[in-house]
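Chemist: First, the structure itself, so that you have it in front of you.
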Amino acid sequence: MLGPVAGWSFANTIPKLLPLPAVVFSFWRLWLGVLLMAGALLVLRRRPSRADVVASIPGGVLFGLNLVFFFEAIKATSIADVLVIGALQPALVLLVAGRLFGEHVDRTELLWIGVSVLGVVVFVLGSSTTPAWSLRGDLLAVASLLVWTAYFVVSKQVRRRVQPVEYMSTVTLVAAIVVTPLAVAGGHPLGGLTVHDWLLLVLFLAAAQAGHVTLAWAHEHVDVTLSSMLILAQPVISALAAWMILGEPITWLMGVGGAIVIGAMLLVVRRATAEGEELPAEPVPE
């Protein structure tokens, strides 16, 4: 879970470094991802079954839509703002986690999750005073949040019966098929990329696709509530990456909000880890 968080945080600066519309960036990111996952299947000598493909289609549709909203938001407003709004995901996940997955969340965890949401609000207030902030970008980030939460929950369900490589192979292909007509309808040229553009695209793909495969694998081993909280580290790391690479400012209020988010997250993770150590280990299937 921590590997994808760190990789995505730095990779999120790449869409702003490239002069490509968000939907065109999404188009190439996904089709390059299709080639990468096809290569992985060939090397591993595996292929998704028909049941795997059918089960993975909803995740693919949601994944494609999320990328378009997410990259549009990053282009429009500060990276930190987009990721902080996305950090509200645990609050949304809590609405369905217990009912769908039988995961118990006690009052103390709810309290600290509430504190983390408060930290998100403080972070957004600090970001709104910077020139990189945009209301349109924030609204796109909210749309990305809703779709990503749906993808997160759907993936958790599907991963009970579909292996991570087979799942992400199908998800990436379906997402590419969904985004292609959007890219064509946008009227933006899909070609004309420079060597520099291709290098950044490949770098982004390596971090993003490896992160999603790792995340899909982790779903089987980590409670959905805990994994959602771990992802709360991404806004703060992304803010630092955007400051280092893009020069996006970090205000003192953003620093306070980030500290609140990380502090609350660490407390929840510590509690979840302690509770897990008290339980007998489950037998590992052959």
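The values are calculated or read from the model by the stated rules, or taken from the named source; none is laboratory data. Predicted, not measured: the structure shown is a model, and the values here were computed from it. Methodologically, a virtual Cβ is constructed for each residue, glycine included, from the backbone with ideal geometry; neighbour enumeration extends over all protein chains shown. Note: areas computed on protein heavy atoms with side chains; ligands, DNA, RNA excluded. Shrake-Rupley method; radii C 1.70, N 1.55, O 1.52, S 1.80 Å.
Chemist: Under the condition of being assigned to a loop (DSSP other than H, G, I, E, B) and β-branched (V, I, T), which residue from the range 121-137 is least open to solvent (accessible area, probe 1.4 Å)?
Modeler: Per the criteria, the residue is T130.
Chemist: Follow-up question, since we're still on this one. If you check V165 against the conditions, is it at pLDDT below 90 and within 27 Å of S127 (Cα to Cα)?
Modeler: no
Chemist: While we're looking at this one, here's another question. Does the range 274-282 contain at least one residue that is open to solvent by 50 Å² or more (accessible area, probe 1.4 Å) and either within 23 Å of L118 (Cα to Cα) or modelled with pLDDT of 60 or more (or both)?
Modeler: no
Chemist: Surrounded by fewer than 24 Cβ atoms within 10 Å (Cβ to Cβ) and either basic (K, R) or over 19 Å from the mean Cα position of the chain (by Cα) (or both): does that describe P58?
Modeler: It is false that P58 is surrounded by fewer than 24 Cβ atoms within 10 Å (Cβ to Cβ) and either basic (K, R) or over 19 Å from the mean Cα position of the chain (by Cα) (or both).
Chemist: Taking only the range 154-185 into account, find how many residues are in a loop (DSSP other than H, G, I, E, B) and surrounded by 14 or more Cβ atoms within 10 Å (Cβ to Cβ).
Modeler: Total satisfying the criteria: 3.
Chemist: Here is a check on your reading of the model: is P19 out of contact with any strand residue (DSSP E or B) (no Cβ under 6 Å at 6 or more places or on another chain) and surrounded by fewer than 16 Cβ atoms within 10 Å (Cβ to Cβ)?
Modeler: Here the answer is yes, as P19 does meet what is asked.
Chemist: List pairs: first in the range 127-152 and more than 25 Å from T172 (Cα to Cα) and modelled with pLDDT under 85, second of a type in the set (A, V, I, L, M, F, W, C) and open to solvent by less than 30 Å² (accessible area, probe 1.4 Å), Cβ under 8 Å, 6+ apart or cross-chain?
Modeler: Close Cβ pairs satisfying both conditions: S127/A80; S127/V84; S127/M254.
Chemist: Could you grab the pairs with beta carbons closer than 7 Å, sequence gap of 6+ or different chains, first residue in the range 50-67 and part of a helix (DSSP H, G or I), second one open to solvent by 50 Å² or more (accessible area, probe 1.4 Å) and of a type in the set (D, E, K, R)?
Modeler: Pairs found: A55/R161.
Chemist: Follow-up question, since we're still on this one. Of the residues L215, L205, L201, which is assigned to a helix (DSSP H, G or I), open to solvent by less than 40 Å² (accessible area, probe 1.4 Å) and over 23 Å from L20 (Cα atoms)?
Modeler: Going through L215, L205, L201 in turn, the sole match is L215.
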